[in-house]
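Note sheet for the following structure.
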Amino acid sequence: MIHLDDTKNRIISAAMKAVRQYGLEGVRIQNVSDLAGISPGVIYRYFESKDQLLTACFTYVDRQAAAIFEHLNFNPLVMFADPVKAIKSLWQPYFRFWVTHPDETIFYHRFRDSAFFPEYDRKRVVNYFDAFVEIVRVFRKEFPGLICINQDLLWLHVLTSTVLYAKYVVEGVIPDNQETEDTIFRLLSMGLSGYLQTDNHEEEKQS
């Protein structure tokens, strides 16, 4: 969990709520101050501009999401016996994070889809995703078929698609129930199934 001082945390939480209500382009500092219950002047003590505040919001949520993978109990034995089950055990907490944080989910999706994001993405440092990258590395080592996948594409397929589906859930487009969760996971994992083969399996196919 990422900890900030109370005032800064209130500002960031209010900013994400404001973006959900007014949109990324339409939100104003006054909207944030109203929701946070503080004056605009207090916000400017922490952030020089709206753009800086929005960037801080994205970084905050991104780090929260990345922290999920740091606390998961990843068992390689499950990965060997049932790789799809292992992936689901990693994916499910990530999906539930977004579904249970609607303001963060709407904000995150809108920011990634905005004109702000490409420039921000070129400069940002994402070493806080090291735990996730290490999990991917283990899978790539044990399932050589994954090596041919560009890691950025893998990241976009699983993580970004998960956020998109979670957005539909928090917006009420699709229901928040077990059937939805299972269906979303099947849709995401089916694209990986052809790559989750060990060397032994590949040898069996060729013999």
> Pick from the range 155-207 the residues that are within 18 Å of D82 (Cβ to Cβ), buried (at least 16 other Cβ atoms within 10 Å of the Cβ) and polar (S, T, N, Q): which of them is modelled with the highest pLDDT?
Replying inline: S189
>> Name the residue that is nearest to T160 (Cα to Cα), counting only residues in the range 49-77 that are free of Cβ contacts under 8 Å to residues at least 40 places away in the same chain and open to solvent by 50 Å² or more (accessible area, probe 1.4 Å).
In response: H71
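Based on this model, can you work out whether D51 counts as under 21 Å from the mean Cα position of the chain (by Cα) and of a type in the set (D, E, K, R)?
Spelling it out, D51 is indeed under 21 Å from the mean Cα position of the chain (by Cα) and of a type in the set (D, E, K, R).
Can you tell me which residue among Y108, Y94 is of a type in the set (F, W, Y), crowded, with 16+ Cβ neighbours inside 10 Å and under 21 Å from K8 (Cα atoms)?
Details: Y94 fails: under 21 Å from K8 (Cα atoms).
Exactly one of Y108, Y94 is of a type in the set (F, W, Y), crowded, with 16+ Cβ neighbours inside 10 Å and under 21 Å from K8 (Cα atoms), namely Y108.
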>> Need pairs with beta-carbon distance below 6 Å; first residue closer than 21 Å to H109 by Cα and open to solvent by less than 30 Å² (accessible area, probe 1.4 Å) and within the range 20-48, second among the polar types (S, T, N, Q) and not in a helix (DSSP H, G or I); sequence gap 6+ or separate chains.
In response: L24/S114
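The values are calculated or read from the model by the stated rules, or taken from the named source; none is laboratory data. None of the values given here were measured: they were computed from a predicted structure. Ideal geometry is used to build each Cβ from the backbone, glycine not excepted, and the neighbour counts take in all protein chains shown. Surface areas here come from the heavy atoms of the whole protein model, side chains and all, with no ligands, DNA or RNA. Shrake-Rupley method; radii C 1.70, N 1.55, O 1.52, S 1.80 Å.
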